[in-house]
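S.K.: Take a look at this one; I'll ask things after.
The values are calculated or read from the model by the stated rules, or taken from the named source; none is laboratory data. Just so it is clear, the structure is predicted and the values come from calculations on it, not from any experiment. Cβ placement follows ideal geometry from the backbone for every residue including glycine, while neighbour counts extend to all protein chains displayed. These area figures cover heavy atoms from the full protein model, side chains too; ligands, DNA and RNA do not enter into them. Shrake-Rupley method; radii C 1.70, N 1.55, O 1.52, S 1.80 Å.
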Amino acid sequence: MATSTRTVTAYRFPKWGRPHVYSIVLEHFAIDEGFDIPLFHNVFTVLGQVFSERIEVNLQRVTFDVFYTTSASTGGPNEALLSFPDGPAWKGEFLVLRRSKIHNGYVNLRKGDRTTALAAVFDVIHDFKAHSGQCWDRL
């Protein structure tokens, strides 16, 4: 059973529109050291299969969990990613949460995290492409 809920800020790359800061509700479970689980209601267009990857950014000593889908319900590539120079034609969506350095959970984004979150998303896409052997236009 969840012992509490709280809200933190994340960085969202939706299917349509621009990337933006997003408030997401977390359920906290006080088992052993405790842990947080993000509630993805209204975050992704398709909730069928959400993947995650932990990305450590060494220069800033920051760790993000990047949650993503590989495709959305309809339409072409993710507009939020295409808004960046050299943005890949990925068809899914992303949500980036900052990991806490102290406890097993998440914290609010900090100043400068937007750029680092974008780099984390590009790392996930690069890793996915390398492991799947797919071309950008099929993602």
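S.K.: Compute the Kirkwood hydrodynamic radius of the stretch 17-76, taking the inverse of the mean of 1/r over all pairs of distinct Cα atoms, and give it in Å to one decimal.
M.R.: Computed over Cα pairs of the stretch 17-76, the Kirkwood hydrodynamic radius comes out at 14.0 Å.
S.K.: Out of every Cα-Cα pair in the stretch 65-134, what percent are more than 17 Å apart?
M.R.: Tail of P(r) above 17 Å: 47 percent of Cα pairs.
S.K.: Under the Kirkwood approximation for Rh and a Cα-based Rg, what ratio Rg/Rh is obtained for the chain?
M.R.: Using Cα coordinates only, the ratio equals 0.97.
S.K.: Using a Cα-Cα cut-off of under 22 Å, which lysines could be cross-linked to Lys111, ignoring same-chain neighbours fewer than 8 residues away?
M.R.: Here the lysines satisfying the reach criterion relative to Lys111 are Lys101.
S.K.: Using heavy-atom solvent-accessible surface (probe 1.4 Å) with all chains present, what is the largest-first order of Val96, Val50?
M.R.: The ranking, largest first, comes out as Val50, Val96.
S.K.: For His126, what charge total do you get from the other residues with a beta carbon under 14 Å from its beta carbon, if Lys and Arg give +1 and Asp and Glu give -1?
M.R.: In short, -3.
S.K.: With a 1.4 Å probe and all protein chains left in place, how much of the accessible area of the stretch 1-98 comes from carbon and sulfur atoms, in whole percent?
M.R.: Carbon and sulfur: 50 percent of the exposed surface of the stretch 1-98.
S.K.: Using a Gaussian network model of the chain whose springs link C-alpha atoms within less than 10 Å, name the residue from Ala119, Ala30, Ala80 with the highest mean-square fluctuation.
M.R.: Ala30
S.K.: Relative to the longest principal axis of the C-alpha atoms of the chain, give the angle of the C-alpha long axis of helix 113-132, reported between 0 and 90° and rounded to the nearest 10°.
M.R.: 60
S.K.: Per residue, how many Å² of accessible area does the chain show with a 1.4 Å probe?
M.R.: Value returned for the chain: 57 Å² of accessible area per residue.
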